[in-house]
Amino acid sequence: MKIQFNRKMIGMLLIACSITAISCNSKTKDTQNSKSDETAEDSTAATTAIQANDVSFKDENGKDITLSSLKGKVVFINFWATWCPPCIHEMPSINTLKQSFKGNDDIVFLMVDVDGTMEKSKAFMTENKYDLQVYIPNGDIPQDFLGNAIPTTVIINKKGEMVDRMEGGRDYADPEIAKSLNELIQSN
């Protein structure tokens, strides 16, 4: 089957791709020099664990929470913004995933607004009836965590090591994700 594109179709496709790329990449905070995904993947677990220990967030009451204080728990961190369509699209599935772990103190969900607009983010969660605690960065976020795109989700194991990093929207209601998190919770 041969598909022919005319100039108008190609132009519309390029505009749509550009808008999507700009809307979800341009507002993310770049806290360090860019690294390629390959470099980020090649970093050692020890380096990531050290960086993870230093990462700090603030909750709606201004209380600091550090990743080092969460050692012994699995940590699900989602970097997002209220203006990002893929972030908004995946939010219901993150809420569903969190509800599946309700009452389990061995996992923590951190919804980090990369713009640091706590009031706007809280209003978004309330309006949509999501049971997701909002945090804002309290300092630099390691490039290995956030990169240059949102949404980005980082999973930290009980030892404080980053075990997964996923860029782009996902369906977190997928049973495989809950299964993987349960395996991390059960591990030592």
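Coordinate-derived values only; no laboratory data. Quantities reported herein were computed from a predicted structural model and do not represent experimental measurements. We place every Cβ from the backbone using ideal geometry, glycine too, and count neighbours over all the protein chains shown.
Mind checking segment 106-158 for trypsin sites (Lys or Arg not before Pro) that DSSP puts in a loop (not H, G, I, E or B) and that have at most 14 other Cβ atoms within 10 Å? Spell out each step's value before the answer.
Values: sites: LYS120, LYS122, LYS129, LYS158; in loops: LYS129, LYS158.
Those that pass, being in a loop and sparsely packed, are LYS129.
Please state the relative contact order of segment 84-161 as a whole percent: Cα pairs under 8 Å, 6+ residues apart?
33
Using a simple spin-label model with points 7 Å from Cα along the Cα→Cβ vector, what separation in nm is obtained for ASN182 and THR66?
A separation of 3.4 nm, rounded to one decimal place.
Dimensions of segment 70-188 along principal axes (Cα, Å, largest first)?
37, 29, 22
Per-residue HN-Hα couplings for segment 147-160, Karplus 6.51 cos²θ - 1.76 cosθ + 1.60 at θ = phi - 60°, whole Hz, x for Gly and Pro?
Couplings: x, 10, 9, 10, x, 10, 10, 10, 10, 10, 7, 5, 7, x Hz.
Using amide H atoms built 1.01 Å from N in the peptide plane, name the residues 5+ places from TYR135, or on other chains, whose amide H lies under 5 Å from its own.
Those lying under 5 Å, H to H, from TYR135 are MET111, VAL112, ASP113.
As an exercise, use a Förster radius of 22 Å and the Cβ-Cβ distance of HIS89 and ASN148 to find the FRET efficiency, rounded to the nearest 0.05. Present the calculation step by step, with values, prior to reporting the outcome.
Working: r = 19 Å, r/R0 = 0.88.
E(calc), rounded to 0.05, equals 0.70.
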